[in-house]
1. When the residues of segment 97-110 are filtered to those that are of a type in the set (Asp, Glu) and not in a loop (DSSP other than H, G, I, E, B), which remaining residue is least open to solvent (accessible area, probe 1.4 Å)?
2. For the structure I just gave you, tell me whether residue 198 is within 21 Å of the chain's Cα centre (by Cα) and modelled with pLDDT of 95 or more.
3. Any residue in segment 42-67 that's free of Cβ contacts under 8 Å to residues at least 24 places away in the same chain: show its pairings with residues that are open to solvent by less than 10 Å² (accessible area, probe 1.4 Å) at Cβ separation under 9 Å, as long as the two are six or more apart or on different chains.
4. Please verify whether segment 269-287 includes one or more residues that are in contact with a helix residue (DSSP H, G or I) (Cβ under 6 Å, 6 or more places away or on another chain) and of a type in the set (S, T, N, Q).
5. State whether one or more residues within segment 181-190 are over 22 Å from residue 327 (Cβ atoms), surrounded by fewer than 24 Cβ atoms within 10 Å (Cβ to Cβ) and aromatic (Phe, Trp, Tyr).
6. When you go through (1) more than 18 Å from residue 178 (Cβ to Cβ); (2) surrounded by 15 or more Cβ atoms within 10 Å (Cβ to Cβ) one by one for residue 253, which number turns out not to apply?
7. Which condition number in (1) surrounded by fewer than 20 Cβ atoms within 10 Å (Cβ to Cβ); (2) over 21 Å from the mean Cα position of the chain (by Cα); (3) within 23 Å of residue 289 (Cα to Cα) is the one that residue 229 fails?
Amino acid sequence: MADQIPDQIPSMAALEPKSKVQDYNYPPKPLAKLDADIRVTYTGVCATDHHMIDNDWGFSRYPLVPGHEVVGRVIGIGPDVKGLEVGDIVGLGALAQACGECEYCIEGIDNLCLKRKFTYFENTIDETGEHVHHGGFSAYLRTDSRYLFKIPEGYEEKYVGPLMCGGLTVAAPLYEFAGQSWDLKGKRVGIVGIGGLGHMAIQFAEKMGAETYAVSRGTSKRKFCKALGVSGFIDSSSSADMSAIAGKLHYLLFCVSGGSIDINHYVGLMRPYGVLHFVGVPDKVENFNLMPLIFSRLTLSSSPIGASNQMRAMLEFAAKNDIKPIIEEFTHTTANEALQKVRDGSIRFRAVLKNDLI
């Protein structure tokens, strides 16, 4: 196995919209002073990956090498890299670069930097020029070391990938609601949508000490949610279940992606000054009416991935509290099988690719 990045990096890429990924080699960018080289061990498959492959959002570029839930071993570093050494196990999430100089970056919200560069969405910029940044469906990556995060010792690598995007996406707003802490004792938190995001959100909320409620249509996931540690299960199609918890929740985290959602259906669950927060993106919002939010003094909010400081805190908290995604394991060369299961919703609950391209 090579201990340095090769002249041509093997990967799996989509060459056109809606195509299957296939073998694709590309040259690494020149090594910048703050770059690090990693040999990918695993990469998670996010719903974003199939949307980008299919150009559902209209800004995909081809050849497209997906993957922003990456874990690997450092095999080389640029001369100005600090805090990383060859051999370190690191993760790369959805953010590949930010300017580091603007007021947002200085305030610790680099995920909202106006010059941020998302992994495989955009070009990164350094003293060597502007370069396409490919994703983790690669055997190796050369990337800005400032957005590589050390993985706590002992945390199994195959579980890391889904934390780098999905885990951070659900943990960051809970962390903010708790006042930049991991303490939600005395709070009642609901999680809507018990899938790839929701099953991790339940674990974070429960380990933070919240009285945690799973909210799902029907009862098929009741036993599973109880095993995850929820205090209660709410069948959102049951008027009795919804009435029983009416006016109780401090915080409701929506993890549903795709489909349609009626926000007002859930407003009655909230205490005054409650927060309804979206991390999933429904295709359609139905029957939205501001009046119920206004008269209960509710806040409707949303967020993308978290910031770098939240990433570090999240990884430490997950390792300390044994928070792990439930995964199905594939390989890079069987990525199309994984992508199809993510597309059709049959994955339970996160797909992870093991690097077999070397």
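The values are calculated or read from the model by the stated rules, or taken from the named source; none is laboratory data. Remember, it's a predicted structure, so these values are computed and weren't measured experimentally. Glycine also receives a Cβ, built like all others from the backbone with ideal geometry; neighbour counts cover every protein chain displayed. The accessibility values were calculated without ligands, DNA or RNA, using every heavy atom of the protein model including side chains. Shrake-Rupley method; radii C 1.70, N 1.55, O 1.52, S 1.80 Å.
1. Across segment 97-110, the extreme among qualifying residues is 110.
2. It is true that residue 198 is within 21 Å of the chain's Cα centre (by Cα) and modelled with pLDDT of 95 or more.
3. Correct list of pairs: empty, since none qualify.
4. Within segment 269-287 (the criterion being in contact with a helix residue (DSSP H, G or I) (Cβ under 6 Å, 6 or more places away or on another chain) and of a type in the set (S, T, N, Q)), the answer is yes, since at least one residue qualifies.
5. Yes, that holds for at least one residue.
6. The single condition residue 253 does not satisfy is (1).
7. (3)
Per-residue answers, yes or no, for (1) part of a loop (DSSP other than H, G, I, E, B); (2) surrounded by 24 or more Cβ atoms within 10 Å (Cβ to Cβ); (3) within 22 Å of the chain's Cα centre (by Cα); (4) not hydrophobic (A, V, I, L, M, F, W, C):
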residue	(1), (2), (3), (4)
7	yes, no, no, yes
24	no, no, no, yes
28	yes, no, no, yes
33	yes, no, no, yes
44	no, yes, yes, yes
